[in-house]
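Everything below concerns the one structure shown next.
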Amino acid sequence: EPGYAWARLPWASTWPTDTPTWDMLFSKCSNKDAFQAWIGSLFFDESDLQQYVWCFGTGNNGKGAINRFLCRVFGRAYASKQPPRDGDKFWTYGLLWKRLVVFPDCNDATFVTKGLFKSMTGGDPLDFEPKYQMPFTAILNAKYLFLSNERPNLSSETADGRRIIYCEFESRDEEENDPLFEQKLWDEGASFLLACIEKYHDLAPLHLPIKADKTAITDWIETVEAEFEEALNYNFEIHPQDAKLDWIR
């Protein structure tokens, strides 16, 4: 297609149907339909910015291949980041003019619960400060993908569970035996992306938030909070008359 583009893609806009390599990669990924719909949402400015994807897997599962594929697709509109260090006032500047921001091997399981990230995904104006220049305010249009060997450290608050599309990848051995694995992903890229766009239309009509399975992340949050619930139940009781908490130990 003619005109300006962040990255010129080599595929014709036809509808090839076979994506055996992508099907194999996602065969052991939970919530795969929501993840693929989210990939499709990257091509629509009207899509919901609050939802992000967190992919958990211990390795040899294709997360890195997905990252490298999306990097090639989005070109200059792609950025690879790590959560900011305390006091890094220039960090947000690297998010400007990006559509897809990926956090590969993210080891900060609490970053998605912090105020900065919620502002980044909430459409709030943010401060940006280039080095040796005056700061200014702008609104981002980026969406975020986390690839991690850890599960996110979320709370049971509605805001935490509502934004996340959580996926778990199981390890596979097929990629190690196929030196052309990532080339096959690229060759099937047109069909894969068109299928993702189709799933986005199915799961997010009128550009509403994508419908995702919350069972796995809800179970994980309950596991994280079980220790605090046990401590509360062991050390406190509710008074039968005035429902006030009495310290009993």
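For the reader, a short list of remarks on this structure follows.
- Carbon + sulfur, % of accessible area of the chain - ligands and nucleic acids excluded, 1.4 Å: 52 percent
- 11 Å beta-carbon shell around Phe44, net charge (K/R +1, D/E -1): -1
- Rounded to 10°, Cα long-axis angle of helix 189-203 versus longest principal axis of the chain: 40 degrees
- Accessible surface computed residue by residue for the range 103-206, with neighbouring protein chains in place and a 1.4 Å probe, gives 51 Å² per residue.
- The range 135-193 and the range 1-77: distance between their alpha carbon centers, rounded to Å: 8 Å
- Pairs of Lys residues in the range 33-146, spaced 8 or more positions apart or belonging to different chains, with C-alpha separations under 19 angstrom: 17 in total.
- Packing around the peptides 205-211, 150-156, 36-42, taken as the average count of other Cβ atoms within 10 Å per residue, puts them in this order, highest first: 36-42, 150-156, 205-211.
- Equivalent-ellipsoid semi-axes of the range 16-127, from the Cα gyration tensor, Å, largest first: 26, 17, 14
- Of the chymotrypsin sites (Phe, Trp or Tyr not before Pro) found in the range 69-106, those that fall in a DSSP loop while having at most 14 other beta-carbon atoms within 10 Å are Phe90, Trp97.
- In a reduced charge model with +1 at each Lys and Arg Cβ and -1 at each Asp and Glu Cβ, the range 178-229 shows a dipole moment near 360 debye about its Cα centre.
- Sorted on the mean count of surrounding Cβ atoms within 10 Å across their residues, most packed first, peptides 28-34, 115-121 read 28-34, 115-121.
- Cα-based helix-to-principal-axis angle, 32-41 vs the chain, degrees rounded to 10: 60 degrees
The values are calculated or read from the model by the stated rules, or taken from the named source; none is laboratory data. Every value quoted in this text rests on a predicted model; they were computed, and no experiment measured them. Don't worry about glycine lacking a Cβ; one is built from the backbone with ideal geometry, like all the others, and counts go over all protein chains shown. Accessible surface areas use protein heavy atoms only, side chains included; no ligands, DNA or RNA. Shrake-Rupley method; radii C 1.70, N 1.55, O 1.52, S 1.80 Å.
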